[in-house]
Amino acid sequence: MSEQQPQGQKEKVMGKINEIKKNVETFIADVNVNELKESLNTMVKDAQKDFNKLVDKDLGNLKSKFQKEKSVLEKKAKKFYDNHKKEISALQNKFDKLVKKAEKKPAAKAAAPAAKATKKKVNKKVAAVKKATKKVSKK
């Protein structure tokens, strides 16, 4: 009897496997996998085309808006420059004059310390002469 039970279980398992195999075969026969793949591919391609059209359209709109804004800003900048051209040139002239004055002042300041240095030398010489006269007068 022990041999019959495993044999019976084996047959049951094989029966179930055959049943599953038949179910899979009927499912595959009902649904054509290749058709499913093709329909998915076409849906993806269509979606990609639609997306590209939208992106291209948006890019075109953005480019045109950018060009319009650029031209408006250029016009405003030119108008501002034209209106303030006199003020700008006057400020430039003042700046140039200040730079020239600043260049002249360092030369004058350089001469002043040299004069002070000569005075110190004279003072040192005078002090040395006074010491020498004191020594001479003490003798």
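The values are calculated or read from the model by the stated rules, or taken from the named source; none is laboratory data. Owing to the predicted nature of the structure, the values given are computational and were not obtained by experimental measurement. Ideal geometry is used to build each Cβ from the backbone, glycine not excepted, and the neighbour counts take in all protein chains shown.
Odds and ends about this structure:
- Only a single criterion out of (1) at pLDDT below 85; (2) surrounded by 10 or more Cβ atoms within 10 Å (Cβ to Cβ) is not satisfied by Lys70, namely (1).
- Single condition Lys78 does not satisfy, out of (1) exposed (fewer than 10 other Cβ atoms within 10 Å of the Cβ); (2) under 30 Å from Ile88 (Cα atoms): (1)
Results for (1) of a type in the set (Lys, Arg); (2) part of a helix (DSSP H, G or I); (3) modelled with pLDDT of 85 or more, shown as yes or no for each residue.
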position: Ser2; (1), (2), (3): no, no, no
position: Lys12; (1), (2), (3): yes, yes, yes
position: Ala29; (1), (2), (3): no, yes, no
position: Leu40; (1), (2), (3): no, yes, yes
position: Lys45; (1), (2), (3): yes, yes, yes
position: Phe51; (1), (2), (3): no, yes, yes
position: Lys65; (1), (2), (3): yes, yes, yes
position: Lys79; (1), (2), (3): yes, yes, yes
position: Phe95; (1), (2), (3): no, yes, yes
